[in-house]
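Read-outs: derived from the displayed coordinates by stated rules, not from any lab. Quick caveat: nothing in here was measured; it's all calculated off a predicted structure. Here the Cβ positions follow ideal geometry from the backbone for every residue, glycine too, while neighbour counts run over all protein chains shown.
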Amino acid sequence: MALPSVDKTWMFSINNVVGNKYSGEVDGKDFLYKLVTILKSFGWTVWGSCDGSAYGNGDGVDRWTSTAKIVFGYTRSWIVLSNNALTGAPNAAICIDCYNGGGNAAFFAYFSLTGFGTSNGGANGNTGASPTAAAATSWTVINNYGMTPYDVPNQCSLHVMQSTDKKCTRIFVTSQAYRSTTLVSYLLVEEAKDPAPEWTTPIFTMSSSWNDNTQLDQSTLVNANTPLKAKRGSTTLALYFTCPYAYGQFLPASASWANADDASAASEFPLFPISIACTTGGHRNWQKGQVFDMWWGHYATPTGSHYPKTPAGSLRKFVQFHRLVFPWDGLVTPDGTPIELR
């Protein structure tokens, strides 16, 4: 398969150095401050926030004006960022809650299709609790461990990619300690491509906290218990990734990709589109939709690899994190020593 064309135009903020300061807690503050700053620059808006002492619900004020305003603990900071561009979910939002049980930079993050606070069916927040959302339309995306090594200093790279229509947001953290070969954590908020008609709010998340060890590999993503989460009405959907050519079955064994690569011409790449399937009773459908600008890559390609290498002018259009391939900015390499293919 030749290099694919992309459906969307993408914005990139990549290779942002975070961490490796004085402690895991200071690293966590550095990460969250930079992440929120990037998301705001990409069009996410602040619904409300708390800096550990002052707070506001629905007032649109960002109180995270510096890393000093990010406080972990029982009395803690939180922030809610909204995205009004998602189909069927104009109040969709993410809440980052710096509750950690004490002593480190772990945090929680929650996603809601309908927003947070009493005005959106939940409860308002204060210095001792983040705002909540209606249970029927929300779920946890980062569970306690946060997205960076929370208890020891560790330099990481933060990569954020978002479509200009704000319908696909992708956050990756890679560890510089092991160059670009270690994917530390990720959080994707996505609108499905060509969703089934009954999926009227075709939004899903895919995430892994630091220490979850939930990588973007075939064994993780093609099984029923995956890091993908979504709702249809109030029902939580068990989603998994497959391939349009799999006719409802799981993807072929990894070894078969090597055969496809060996048989390809020098100008072709082993990239295959991704479909979304569901195993939830009453909602089963082998193709709930597809994924915009994301492809299955070769199982043997290291994380951080980018391609193509030639011809000039088309360098670094794509990057691979574990088994998945994404658009890249075409200008810089992922941190470390990536392999240039072709």
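Note on the range 1-65: Cα-Cα pairs beyond 13 Å make up 73% of the total pair count. When the range 7-53 is described by a simple charge dipole with +1 on each Lys and Arg Cβ and -1 on each Asp and Glu Cβ, the residue from PHE31, GLY43, VAL17 located farthest towards its positive end is GLY43. Spin-label model, VAL26/TYR74: points 7 Å from Cα along the beta carbon direction are separated by 2.7 nm.
Figure legend: label point modelled 7 angstrom from the Cα of ALA54 along Cα→Cβ; residues of the range 66-101 with amide N under 17 Å from it are 66-71, 76-80.
State to the nearest 20 debye the size of the charge dipole of the range 20-154 about its Cα centre, where the only charges are +1 on K and R beta carbons and -1 on D and E beta carbons. My answer is approximately 120 debye. Altogether, the Stokes-Einstein calculation at 20 °C and 1.002 mPa s, with the Kirkwood radius of the range 20-154 over Cα pairs as Rh, returns a diffusion coefficient of 147 µm²/s.
Subtracting the Cα-Cα distance of ASN84 and SER119 from 0.36 nm times their residue separation leaves 11.0 nm of extension gain. The lysines within cross-link reach of LYS231, meaning a Cα-to-Cα straight distance under 19 Å and a gap of 8 or more places when in the same chain, are LYS167, LYS193, LYS288. Peptides 56-69, 182-195, 117-130, ordered by how many other C-beta atoms sit within 10 Å of their residues on average, highest first, read 182-195, 117-130, 56-69. Straight Cα distances below 26 angstrom link LYS29 to the lysines LYS21, LYS40, LYS69, LYS166, with same-chain residues fewer than 8 positions distant left out. Projected label points at SER234 and SER41, each 7 Å from Cα along the beta carbon direction, are separated by 4.2 nanometres.
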